[in-house]
Amino acid sequence: MKPLIILASIFCWLLPIESLPAAETADLWSKHIIQPPAKGMINGTTANDFNGDGHIDVITSFDGKTVVFRGPVWKPYIIHTFAPGRSRNKPRTACIHSCLMDVDRDGDLDFVGSNNTVFWLECPPEPFSGQPWTYRTVDDEISGTHCLITGDVNRDGRLDLIANSGRDQKATEFPNSITWLETPADPHTSKKWVRHVFAHKDAPGGSHYMGFGDVNGDGQPDIACAAKGTDGFTNGQWFAWWEQPKDPDGIWKKHILAENEEGATNIVPADFDGDGHTDYFATRGHGKGVLWFRGPDFQQIEIDPDIEFPHSLAVADINGDGHVDAITCGKEANGVAAWYENDGKGRFAKHVIGNNQGSYDLSTADMDGDGDLDVLIAGHASRNVVWFQNPLLTTQP
């Protein structure tokens, strides 16, 4: 058998590095439960120290309410209960996605969610008083908002909200579109935010998650998106980015990165190979596979073609070596959570951090205050909220 092993080794050595699948190892990440399985799915969660006590808190929505878990013991506080009558749309039992944003610029982070309506909850001076956080509508005319991210689109020094409108013309006047929403001068009293539709009817299919960053080096941030074409959605299965013009209210140019990508869901920009050009890391969360696009020509390179339903994605330096890594998790209850270690040249090694965990959304945060990045997961099909404790020795500040 030794000659066969030698020949196999020689064969792998001769292959280009991008042709090799990511090597797989298992790390000993401890799993901590914040919310055990609920009645319904939990699609999104984020972390922040809301009361400034030095402990991370976690916010999410499920079973008809929005809940903040106060760390480190994860005591739940209901801050909002979903009910009809607050907008033109009847809410579901949970947000499909959410993010944090200092909407009113008072120095603390507010909760922004999408539950048939894009809305925000104002973080009060005493976030754990037991009183509801004040609800306000952001936009109830766009529909099918699957992703909410923030970024300073028009470079005025204030964060904007980026939201897709993925339903068809029967549901909204802005079908198959992507928008950026500018906070009004007084978000406490304004009836609506300033809506800018930059991808008007130009994002067909089941548009999912978006990425924000200056891709072409012109100093103006661009926006990327991915769209599935399964589950009744048509004309999806693509990864693309929109190039911002000098005037952000002008015509944005769409660049297709790849088509016929079954189940495309996530795409996030970063420089993964250290060449000074922006690349994209991507996943097919309603199909199989993790991949990246190497800039500036965006050559498509498969990293892990076999991982199933990698619906969530975050990029961060997990092991503190100065290189941007990536983390994902399958959406079903038997999903695999894994991070992909980047050697700084765009060569990735797969590390499994957990099994039998579903996820629609995940993020990184120092959950235990030990100086490294842990992984926070919203369980979706697992219907839970958990965090995985990073066991790696890092140089994170």
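The values are calculated or read from the model by the stated rules, or taken from the named source; none is laboratory data. Keep in mind the model is a prediction, meaning the values are calculated, not measured. Note: ideal-geometry Cβ built from the backbone for every residue, glycine included; neighbour counts use all protein chains shown. For accessibility, only protein heavy atoms count, side chains too; no ligands or nucleic acids. Shrake-Rupley method; radii C 1.70, N 1.55, O 1.52, S 1.80 Å.
Among the residues making up region 64-82, those that are under 18 Å from VAL118 (Cα atoms) and either open to solvent by 10 Å² or more (accessible area, probe 1.4 Å) or out of contact with any His (no Cβ under 9 Å at 6 or more places or on another chain) (or both) are GLY64, LYS65, ILE79, HIS80, THR81, PHE82. Scoring VAL118 on the criteria (1) more than 16 Å from VAL68 (Cβ to Cβ); (2) surrounded by fewer than 22 Cβ atoms within 10 Å (Cβ to Cβ); (3) of a type in the set (A, V, I, L, M, F, W, C) leaves a single failure, condition (2).
Looking only at region 239-256, residues that are open to solvent by 20 Å² or more (accessible area, probe 1.4 Å) and out of contact with any His (no Cβ under 8 Å at 6 or more places or on another chain) come to 9 in all.
Screening the candidates ARG195, ARG155 for the property of being modelled with pLDDT of 95 or more, surrounded by 15 or more Cβ atoms within 10 Å (Cβ to Cβ), over 24 Å from SER363 (Cα atoms) and not polar (S, T, N, Q) yields one hit, ARG195. Give me the pairs: first residue in region 161-184 and part of a strand (DSSP E or B) and open to solvent by 10 Å² or more (accessible area, probe 1.4 Å), second residue of a type in the set (A, V, I, L, M) and at pLDDT 95 or above, beta-carbon distance under 9 Å, and six or more apart or on different chains, which are they? Here the result reads GLU182/VAL153; GLU182/LEU161; GLU182/VAL194, each pair linking region 161-184 to a residue that is of a type in the set (A, V, I, L, M) and at pLDDT 95 or above. Among residues of region 12-30 being more than 24 Å from the chain's Cα centre (by Cα), open to solvent by less than 80 Å² (accessible area, probe 1.4 Å) and not hydroxyl-bearing (Ser, Thr, Tyr), the one that is modelled with the lowest pLDDT is CYS12.
For region 342-351, the count of residues that are assigned to a loop (DSSP other than H, G, I, E, B), at positive phi and among the small types (Gly, Ala, Ser) is nonzero.
Looking only at residues of region 117-144 that are touching an Asp or Glu at 6+ places or on another chain (Cβ under 8 Å) and polar (S, T, N, Q), we find that the one that is nearest to ALA163 (Cα to Cα) is THR117.
Residues in region 96-114 that are farther than 16 Å from ASN48 by Cβ and either touching a helix residue (DSSP H, G or I) at 6+ places or on another chain (Cβ under 8 Å) or open to solvent by less than 10 Å² (accessible area, probe 1.4 Å) (or both): 1 in all.
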